[in-house]
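The values are calculated or read from the model by the stated rules, or taken from the named source; none is laboratory data. Predicted, not measured: the structure shown is a model, and the values here were computed from it. Neighbour counts run over all protein chains shown; Cβ positions are idealised from the backbone, glycine included. Surface areas here come from the heavy atoms of the whole protein model, side chains and all, with no ligands, DNA or RNA. Shrake-Rupley method; radii C 1.70, N 1.55, O 1.52, S 1.80 Å.
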Amino acid sequence: MQADFVIIGSGSAGSAMAYRLSEGGKHSVIVIEAGGTDFGPFIQMPGALAWPMSMKRYNWGYLSEPEPNLNNRRITAPRGKVIGGSSSINGLVYVRGHAEDYNRWEALGATGWAYADVLPYFKRMETSEGGEEGWRGTDGPLHVKRGPVKNPLFHAFIQAGRQAGFETTEDYNGSKQEGFGLMEQTIYRGRRWSAANAYLKPALKRPNVQLVYGFANRIVIEDGRAVGVEIERRGVTEVVRANREVIVSASAFNSPKLLMLSGIGPAEHLKSMGIEVKADRPGVGANLQDHMEFYFQQVSTKPVSLYSWLPWFWQGVVGAQWLLSKRGLGASNQFEACAFLRSAPGLKQPDIQYHFLPVAISYDGRAAANTHGFQVHVGYNLSKSRGNVTLRSPDPKADPVLRFNYMSHPEDWEKFRHCVRLTREIFSQTAFDHYRGPEIQPGEKVQTDDEIDAFLREHLESAYHPCGTCRMGRADDPMAVVDPECRVIGLEGLRVADSSIFPHVTYGNLNGPSIMTGEKAADHILGKTPLPRSNQEPWVNPRAAVSDR
Ligand SMILES: Cc1cc2nc3c(=O)[nH]c(=O)nc-3n(C[C@H](O)[C@H](O)[C@H](O)COP(=O)(O)OP(=O)(O)OC[C@H]3O[C@@H](n4cnc5c(N)ncnc54)[C@H](O)[C@@H]3O)c2cc1C
């Protein structure tokens, strides 16, 4: 097995690269994937999203170490283990991120990744249905749309935002990412439009692309150059050779793990594991960032929520309708309204994200309230808390050690308390008068800072957006792992391109930014001139200095 480019991981970034690197037929590409097929309704039916994210078959199933600020709870940290990676098990929400996110990347040393640089790549990758003209892609592989927005609770949420004095936006992925609006979904013709469906499967139709199902143990390095990947396949250890380059796209937990197993990482840690040091890069595994969120749930006094559809029989009806027609409730992820708000005056960009759901239920579907209800997933998205990923053992099969240090920055507590109080303000608007019953959680008794903190300690969850563990930066930055062309600093023939290279977590969900990273990395790998910078200026709230709305 040998190819010009060997990509480890067929996830959001890996699939996009397989597609772009093989375009034109000049270069051969092998993609190595530890998971299996994405066939079947659990993955393909958007409404079934709670299933694949909790199924062992599709998920690496990691847990954090006990988190000291969260009552020592071990937080679930799912990652896709299937073609399409996490884009095959995610919530299908599509958010590009705010312009300031990418300007921050550049300020942190990722030269050439400012908003003006990445906007053309977001356009190249998308086919947007209903997005803002001039700001969105029209012929890219990734189809993006809005839901049918039939449930009156979605409209109540947006109206409540307006009543509270916040902005609304026609397209938060366009010029204006602030305010209440309709949420976008990676769904096409009723199916989950994962990176596998959008990029990998079309790429595999080309003769120069091959998918190899196997578990990558380590990168083979000879004389300071990556020359291949050692994999385990059906119990046999083999090497996949790379004529030109190896590209690691195994995501924020497994990319640093693979580098460390290959001798690239903090020297002391590698030595303590008995691993020969090939490159002392202390930044490998550091800078772990994530988004946290909690569910704010309210009883609905009108029987309009999705609660009626939760019994098995009705879920079967939804599934059957979807199988026959690709329509109905099964064809949406039910996240159809959202908000992007600033937590305080004086902020350059919004920092609190709302997903609205017309039912009161946990993300993985396991805990549903026993009543009609509605909820928001709400969280502060620009936390300064940082964690790390380290090796548990030199055995490639061992789970990595994940320490997030969630809520270790005092500002996190302030911001999350604000999320509780702000949500109460939004739900108390007259738009919800017809629907608002008692608060399910946090619950009306939770009022003081101490009470809110106790609630948060017990109920905060990951929003599943880990990133930053092979951080991109200047080649002379000792904590950077890859340079702005995604080359691993200190070695030849090796790149990392996926959510692990983000210098800073973006605002919003991470699938879009991960795919964009794969798109742009492909141009760097091929030595192409990057797409011309955009001169479009995003909207800035004229009241930003004096008001949070
Ligand atoms: C449950 C869940 C819900 C989410 N919801 C949303 C959402 O609604 N919207 C959104 O935008 N984002 C969401 N995200 C986040 C988003 O999907 C991810 O951030 C993004 O897909 C990460 O892309 P990636 O390319 O970094 O890695 P991934 O897509 O995770 O790809 C990594 C790939 O590498 C493979 N791999 C890893 N190790 C090895 C190995 N040793 N050998 C071979 N292959 C290996 C994996 O199996 C996987 O296929 C969610 C994530 C999860 C887990």
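For the reader, a short list of remarks on this structure follows.
- Criterion: near the ligand (Cβ under 8 Å from one of its atoms), in contact (Cβ under 8 Å) with a residue 24 or more places away in the chain, over 20 Å from LYS397 (Cβ atoms) and not aromatic (Phe, Trp, Tyr) - qualifying residue of VAL82, VAL93: VAL93
- Meets criteria (of a type in the set (Gly, Ala, Ser), within 15 Å of the ligand (Cβ to nearest atom) and open to solvent by 10 Å² or more (accessible area, probe 1.4 Å)) for SER272: no
- Residue in the range 392-399 that is closer than 22 Å to PRO68 by Cα and touching a residue at least 40 places away in the same chain (Cβ under 8 Å) present: yes
- All positions within the range 380-436 that are of a type in the set (A, V, I, L, M) and in a loop (DSSP other than H, G, I, E, B): LEU382, LEU391, ALA398, MET407
- Selected residue [within 27 Å of the chain's Cα centre (by Cα) and either at pLDDT 95 or above or away from the ligand (no atom under 16 Å from the Cβ) (or both)] from VAL317, VAL304, VAL376: VAL376
- GLY224, sole failed condition from (1) within 30 Å of PHE39 (Cβ to Cβ); (2) out of contact with any helix residue (DSSP H, G or I) (no Cβ under 8 Å at 6 or more places or on another chain); (3) surrounded by fewer than 23 Cβ atoms within 10 Å (Cβ to Cβ): (1)
- Test: residue in the range 123-137 that is under 26 Å from VAL496 (Cβ atoms), out of contact with any Asp or Glu (no Cβ under 9 Å at 6 or more places or on another chain) and outside any strand (DSSP E or B): yes
- The set of residues from the range 375-411 being in contact with a helix residue (DSSP H, G or I) (Cβ under 8 Å, 6 or more places away or on another chain), more than 22 Å from HIS269 (Cβ to Cβ) and open to solvent by 30 Å² or more (accessible area, probe 1.4 Å) comprises just one member, LYS384.
- Restricted to the range 1-115, the set of helices (runs of 4 or more DSSP H) holding at least 3 residues that are open to solvent by less than 20 Å² (accessible area, probe 1.4 Å) comprises 12-22, 99-107.
- Failed condition for LYS528, given (1) surrounded by fewer than 17 Cβ atoms within 10 Å (Cβ to Cβ); (2) within 16 Å of the ligand (Cβ to nearest atom); (3) of a type in the set (D, E, K, R): (2)
- Some residue of the range 254-266 being within 12 Å of the ligand (Cβ to nearest atom), surrounded by 18 or more Cβ atoms within 10 Å (Cβ to Cβ) and free of Cβ contacts under 8 Å to residues at least 60 places away in the same chain: yes
- Restricting attention to the range 412-428, the residues that are closer than 30 Å to ALA286 by Cβ and open to solvent by 40 Å² or more (accessible area, probe 1.4 Å) total 3.
- Set GLY147, GLY137, GLY165, GLY190: member being out of contact with any helix residue (DSSP H, G or I) (no Cβ under 9 Å at 6 or more places or on another chain) and either at pLDDT 95 or above or outside the structural domain of ILE32 (by TED's automatic domain parsing) (or both): GLY165
- Filtered residues of the range 466-486 (kept if surrounded by fewer than 23 Cβ atoms within 10 Å (Cβ to Cβ) and among the hydrophobic types (A, V, I, L, M, F, W, C)): ALA475, MET479
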